[in-house]
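The values are calculated or read from the model by the stated rules, or taken from the named source; none is laboratory data. Keep in mind the model is a prediction, meaning the values are calculated, not measured. Virtual Cβ from ideal backbone geometry, glycine too; neighbours counted across all protein chains shown.
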Amino acid sequence: MTGMGSDRGTGTQHVRPLRRVAITADVYQSLRDAIFSGELRAGERLDVQGLAATFEVSNQPVKEALNRLALEGLVVIKPRSGTFVRTLSADEMNHILDARLMIESFAVRNMKSASAEAIVQLDGLAKVLGDIANATPFAYLKYNEADIAFHEGLVGLAKNPELLRLYRSLHSHYVTARAYFSSAQEKTLANESDHQEIVRAIREGEKRRAVSLVESHILSAQKGIAHLFKAD
């Protein structure tokens with residue numbers, strides 16, 4: 001009982017880090033939403049002190065949030081210049097989607113026999129995507145996170161951790177999510193059945209059809225991006 005009043009027994013050493021993490025998460029989510037919605041425009045400079053004053057927090061949570069956004073490819077941190085919302089050209093987006101096409105089609109073409117557990121997981125994600133796509137209001141960012149999980153699951157079928165790491169480094173879903181934000185539900189509904197068709201082909205062991213469906217799905221995204229840039 002003699003140790004009950006000591007700092008070691010109170011657990012207070014864990015409280016401050018948890019609070020800072022929560023604040024950082026709130027700042028991160030607010031900035032992320034503003035980037036996707038276009039409220040923070042491509043190329044816009046993000047001033048740490050100004051953002052800290054807006055959020056009524058210290059500089060540290062803002063810096064941590066910006067570092068996380070940089071890891072996702074949403075902002076660019078330039079030493080001695082500042083932090084900026086990432087700007088992407090049509091060519092850059094096409095290059096990213098080309099890489100995604102190569103990785104996903106390679107993974108499905110070279111997948112080991114898909115386990116029942118992997119198929120169940122993909123099927124569940126496909127159903128979640130369908131539910132979100134048809135819901136009102138449309139939660140696009142929630143849809144995007146489920147879509148990331150689905151496509152990472154496809155790449156995971158190859159059982160190659162380096163391939164999965166490379167795929168994640170593309171941040172391709174965040175790139176296309178920003179581009180499609182204003183017409184997201186329309187684009188999503190147009191391709192809503194793709195995920196279920198891909199899962200069906202994998203379940204039935206039709207590898208060639210699964211590869212073709214994956215390629216068609218990504219090529220459709222590329223055409224949509226090209227159309228958006230022409231419209232601008």
Meets criteria (in contact with a Leu (Cβ under 8 Å, 6 or more places away or on another chain) and within 23 Å of residue 134 (Cβ to Cβ)) for residue 197: yes
One residue is enough: does the range 218-226 have a residue meeting the conditions within 25 Å of residue 90 (Cα to Cα), assigned by TED's automatic domain parsing to the domain that holds residue 142, hydrophobic (A, V, I, L, M, F, W, C) and at pLDDT 90 or above? yes
Residue 96 in the same structural domain as residue 200 (by TED's automatic domain parsing), more than 15 Å from residue 191 (Cβ to Cβ) and not in a loop (DSSP other than H, G, I, E, B): yes
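Could you say whether any residue in the range 5-24 is at pLDDT 90 or above and out of contact with any Leu (no Cβ under 6 Å at 6 or more places or on another chain)? Spell out the reasoning first.
Pass one, the range 5-24, residues at pLDDT 90 or above: 23-24.
Filter again for out of contact with any Leu (no Cβ under 6 Å at 6 or more places or on another chain), leaving 23-24.
Within the range 5-24 (the criterion being at pLDDT 90 or above and out of contact with any Leu (no Cβ under 6 Å at 6 or more places or on another chain)), the answer is yes, since at least one residue qualifies.
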Looking at this structure, is residue 95 closer than 21 Å to residue 219 by Cα and in contact with a Gly (Cβ under 7 Å, 6 or more places away or on another chain)? no
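Would you say residue 122 is within 16 Å of the chain's Cα centre (by Cα), part of a helix (DSSP H, G or I) and not assigned by TED's automatic domain parsing to the domain that holds residue 27?
For residue 122, the condition - within 16 Å of the chain's Cα centre (by Cα), part of a helix (DSSP H, G or I) and not assigned by TED's automatic domain parsing to the domain that holds residue 27 - is not met.
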Name the residue, out of 133, 107, that is under 21 Å from residue 197 (Cα atoms), aliphatic (A, V, I, L, M), buried (at least 16 other Cβ atoms within 10 Å of the Cβ) and at pLDDT below 95. 133
Is it the case that residue 142 is of a type outside the set (A, V, I, L, M, F, W, C) and touching a residue at least 60 places away in the same chain (Cβ under 8 Å)? no
Could you check residue 136 against (1) polar (S, T, N, Q); (2) touching a Lys or Arg at 6+ places or on another chain (Cβ under 8 Å); (3) assigned by TED's automatic domain parsing to the domain that holds residue 165 and say which number it fails? (2)
Pairs where the first residue, in the range 150-172, is surrounded by fewer than 17 Cβ atoms within 10 Å (Cβ to Cβ) and the second is among the hydroxyl-bearing types (Ser, Thr, Tyr) and part of a helix (DSSP H, G or I), C-beta under 9 Å, 6+ apart: 152/167
So residue 90, is it without any contact (Cβ under 8 Å) to a residue 24 or more places away in the chain and either in the same structural domain as residue 164 (by TED's automatic domain parsing) or surrounded by fewer than 16 Cβ atoms within 10 Å (Cβ to Cβ) (or both): no
Number of positions in the range 206-222 that are farther than 17 Å from residue 153 by Cβ and of a type outside the set (D, E, K, R): 6
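Out of curiosity, is residue 77 surrounded by 14 or more Cβ atoms within 10 Å (Cβ to Cβ) and either assigned to a helix (DSSP H, G or I) or charged (D, E, K, R) (or both)?
Details: surrounded by 14 or more Cβ atoms within 10 Å (Cβ to Cβ): yes; either assigned to a helix (DSSP H, G or I) or charged (D, E, K, R) (or both): no.
For residue 77, the condition - surrounded by 14 or more Cβ atoms within 10 Å (Cβ to Cβ) and either assigned to a helix (DSSP H, G or I) or charged (D, E, K, R) (or both) - is not met.
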Here the qualifying pairs (Cβ atoms under 8 Å; residues six or more apart or on different chains; first in the range 21-39 and farther than 15 Å from residue 62 by Cβ; second small (Gly, Ala, Ser) and assigned to a helix (DSSP H, G or I)) come out as 36/177; 38/182
